[in-house]
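Novice: My questions all concern the structure below.
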Amino acid sequence: MSVIASALKHMLAAGMPADAIVAAVAEMEASMAVPRDPVAEKRREYDRDRKRAERAAAKLSTGHPPESADYADVADKSPSPAPSPFLPPNPQPTPAPTHTPANTGPTRKGTRLSEDWKPEPVIGKAADMVAGWPPGALDRELEKFLNFWISKPGKDGLKTSWQRTWINWLIQADDRIGRHERSNRHQHSDRADGNTLVGAGLAFEAEHAAGSARWSQ
């Protein structure tokens with residue numbers, strides 16, 4: 001039997017008026033009530049706000065709440081441990097990003113040169129460059145290009161753009177062809193100079209022989 005019930009029994013047995021009994025019971029209940037703790041109330045209110053923010057952020061990132069409404073109500077009403085005085089309050093979680101970073105796209109992979117590969121027509125500076133080549137030089141360079149890259153083993157034979165690789169090949173070939181043309185022009189010039197010298201020598205010998213014949217007469 002509780003303290004109030006025992007006191008009520010004794011007051012009825014003593015014949016106390018009903019008003020006096022009610023007043024006495026009310027006073028006893030007031031004296032036995034647990035005093036409110038403002039700090040604990042503030043802590044429980046902070047915990048409830050933090051849990052609501054966490055559920056709202058989880059719903060934004062996943063599209064559905066992480067727990068049922070019944071469980072959430074129970075969690076709000078249950079007391080939580082006091083936060084550590086050495087740590088700051090937990091901030092609200094940052095919502096998950098909704099966009100995909102630009103650098104997560106698939107990387108390009110190289111391919112090998114096929115047997116039937118044909119280059120696109122060169123334009124711009126490359127076209128002006130090969131226009132000055134000797135006849136048949138472009139076809140010879142294409143044949144060398146195909147033979148070289150089709151037989152190239154390993155990862156070195158993989159390229160992401162074979163047209164660009166072909167243009168680079170033409171630029172390097174232009175250096176070789178230019179050196180070859182300059183060498184040929186130099187050789188032709190030397191032969192022409194040699195022929196001139198030979199012709200001058202023969203003319204001098206012929207003139208000298210004619211003069212000797214006149215003096216002998």
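Novice: Going down the list 118/155; 125/152; 109/144; 109/159; 109/152, which pairs span over 19 Å between their C-alpha atoms?
Specialist: 118/155; 125/152; 109/144
Novice: Would you kindly state how much longer the chain becomes between residue 126 and residue 22 on full extension, computed as 0.36 nm times their sequence separation minus their alpha carbon distance, in nm to one decimal?
Specialist: Values: separation 104, 0.36 × 104 = 37.44 nm, distance 11.00 nm.
Net length gain for the segment: 26.4 nm.
Novice: Counting each pair of different Cα atoms once, what's the Kirkwood radius of segment 116-172 in Å, rounded to one decimal?
Specialist: The Cα-based Kirkwood calculation yields 12.2 Å.
Novice: Lysines near residue 42 by alpha-carbon distance under 17 Å, same-chain residues fewer than 8 away left out - which ones?
Specialist: 51, 77
Novice: Grab the Cα-Cα distance for residue 57 and residue 115, subtract it from 0.36 nm times how many residues apart they are, and report the gain in nm with one decimal.
Specialist: Result: 15.2 nm gained on full extension.
Novice: Taking the alpha carbon gyration tensor of segment 1-59, what are the square roots of 5 times its eigenvalues, largest first, to the nearest whole Å?
Specialist: In descending order the semi-axes read 46, 11, 9 Å.
Every read-out reported here was derived from the displayed coordinates using simple, explicitly stated rules and does not represent laboratory data. Given the structure is predicted, the values throughout are model-derived calculations rather than measurements.
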